[in-house]
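Heads up, the thing below is written out as structure tokens.
The values are calculated or read from the model by the stated rules, or taken from the named source; none is laboratory data. Only a predicted model underlies this, so the values are computations on that prediction, with no experimental measurement involved. Ideal geometry is used to build each Cβ from the backbone, glycine not excepted, and the neighbour counts take in all protein chains shown.
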């Protein structure tokens with residue numbers, strides 16, 4: 001009941017914002033008639049300005065609609081066990097099951113409803129289930145997550161989603177067009193902040209209610225465990241996309257099983273994930289948050305009585321018998337691999353590492369050539385320069401933010417060149433790894449090649465000879481040479497403009513660049529274009 005009252009208050013405040021806007025514009029017009037010239041004229045101009053800005057904002061807001069959920073539809077024929085679970089959970093929380101289940105590539109689950117008549121009449125329901133959750137969770141944990149989402153339906157949390165979305169966008173557009181710096185803009189901004197505070201409080205309360213439904217139906221242990229796992233799984237997914245999937249996308253290759261790789265990563269780094277899962281991440285509390293901190297949610301669930309639910313620790317992927325076919329279709333939907341050669345993961349990460357290393361080494365040598373005024377630079381010349389002023393100048397160029405002490409200990413640029421030379425010489429190669437990074441540089445003996453250590457020894461006069469001997473014994477030839485790339489001229493910048501300048505007896509517009517002036521054709525008619533605040 002308390003949440004429903006807060007939701008009603010949020011709707012009343014939303015209606016009140018429209019009343020405030022209309023009342024402000026009408027009040028300015030009334031004030032213009034009462035004041036007379038010249039202040040009445042100023043008030044009329046203000047009324048027209050605010051009214052015009054509000055009209056533009058309202059037109060834009062009426063065209064904005066929440067985006068349709070995007071994902072791969074899982075029909076009851078394709079995923080009968082998943083649908084059976086969802087329908088059972090819907091019955092237990094006394095609500096209608098969703099009409100569609102979409103599988104999405106996110107560490108998330110969500111629900112939406114296309115309600116009508118300001119949320120009074122329910123509409124088509126859609127449940128989104130993240131494939132990474134299916135790969136990481138047990139059946140128990142997934143059941144808890146889906147029970148949470150069915151809890152949102154049972155409490156009608158989704159009914160007003162479209163209304164509140166349109167209301168938020170209308171407020172943002174109106175404040176942006178009116179401008180937050182003037183008196184009217186400050187009035188609208190203050191009211192909008194009040195609305196967002198109330199709406200956020202309602203949203204947080206709704207999450208607590210849905211958590212209670214999850215704990216009651218799926219069990220306290222499963223509900224708390226699924227919530228506590230979310231931060232670690234989210235971090236693992238972003239790490240995987242950034243370090244594994246996206247790292248070599250520009251090399252012309254693509255992995256042939258993108259989602260399958262995440263499952264491999266989870267298995268290889270189980271110990272790391274266990275450590276992360278044991279610590280519930282502390283979130284910074286803010287009155288604007290739509291969700292309470294996970295630590296608070298887990299504590300609230302732990303305080304509830306335990307429900308007697310039969311444990312099911314099977315992988316949640318058992319609910320999808322055609323998982324391979326589904327993941328393949330999802331990859332086609334979300335990842336554009338046209339023109340790229342599909343290869344297994346162990347080949348993909350090797351190609352990505354090789355391309356990245358070659359690009360980085362070329363950049364290091366090109367910078368050395370530029371700093372020393374050479375047309376080209378080789379790895380041998382870079383090593384010969386160690387300990388000279390030119391090498392110090394080179395380090396300042398590649399590490400501009402570092403202190404002198406940090407540059408003295410910085411051996412990364414040199415290590416990059418040594419590693420590239422080792423691969424080029426056939427003295428080292430890349431090996432795919434799920435447990436310690438996408439790829440590891442190994443020597444011909446199969447052991448990790450520590451290029452950073454060799455670079456450090458080369459930079460130290462006392463160990464230079466030892467490092468040079470190791471390079472010779474390993475067969476690392478320093479024959480990499482890079483031509484200096486011509487430095488691109490910086491683009492011209494517009495630093496000012498003057499309208500209606502008389503040039504040769506005609507009115508022109510004048511653009512002021514940092515390199516000169518540009519006289520345009522006949523001056524354009526000027527108008528007051530509203531500025532959108534971001």
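Mind checking whether some residue in the range 340-362 is at pLDDT 90 or above and more than 30 Å from residue 265 (Cα to Cα)?
Yes; the residues of the range 340-362 include at least one that is at pLDDT 90 or above and more than 30 Å from residue 265 (Cα to Cα).
Would the range 370-379 turn up any residue that is outside the structural domain of residue 413 (by TED's automatic domain parsing), surrounded by fewer than 18 Cβ atoms within 10 Å (Cβ to Cβ) and modelled with pLDDT under 90?
Looking through the range 370-379, none of the residues is outside the structural domain of residue 413 (by TED's automatic domain parsing), surrounded by fewer than 18 Cβ atoms within 10 Å (Cβ to Cβ) and modelled with pLDDT under 90.
Yes or no: residue 337 in contact with a strand residue (DSSP E or B) (Cβ under 8 Å, 6 or more places away or on another chain), assigned to a loop (DSSP other than H, G, I, E, B), modelled with pLDDT under 90 and surrounded by fewer than 18 Cβ atoms within 10 Å (Cβ to Cβ)?
Taking the combined requirement at face value, the residue satisfies it.
Does the range 467-476 include one or more residues that are buried (at least 17 other Cβ atoms within 10 Å of the Cβ) and either in the same structural domain as residue 238 (by TED's automatic domain parsing) or within 37 Å of the chain's Cα centre (by Cα) (or both)?
Within the range 467-476, none of the residues are buried (at least 17 other Cβ atoms within 10 Å of the Cβ) and either in the same structural domain as residue 238 (by TED's automatic domain parsing) or within 37 Å of the chain's Cα centre (by Cα) (or both).
Could you list, in sequence order, the residues of the range 423-450 that are in contact with a helix residue (DSSP H, G or I) (Cβ under 7 Å, 6 or more places away or on another chain), free of Cβ contacts under 8 Å to residues at least 60 places away in the same chain and buried (at least 17 other Cβ atoms within 10 Å of the Cβ)?
Listed by number, the residues that qualify are 427, 428, 449.
Scan the range 380-395 for residues that are closer than 14 Å to residue 411 by Cα, assigned to a helix (DSSP H, G or I) and touching a residue at least 60 places away in the same chain (Cβ under 8 Å) and jot them down.
The one that is closer than 14 Å to residue 411 by Cα, assigned to a helix (DSSP H, G or I) and touching a residue at least 60 places away in the same chain (Cβ under 8 Å): 383.
Out of the residues in the range 244-268 meeting the condition of being in a loop (DSSP other than H, G, I, E, B), in contact (Cβ under 8 Å) with a residue 40 or more places away in the chain and under 23 Å from the mean Cα position of the chain (by Cα), tell me which one is nearest to residue 225 (Cα to Cα).
Residue satisfying both the conditions and the ranking: 257.
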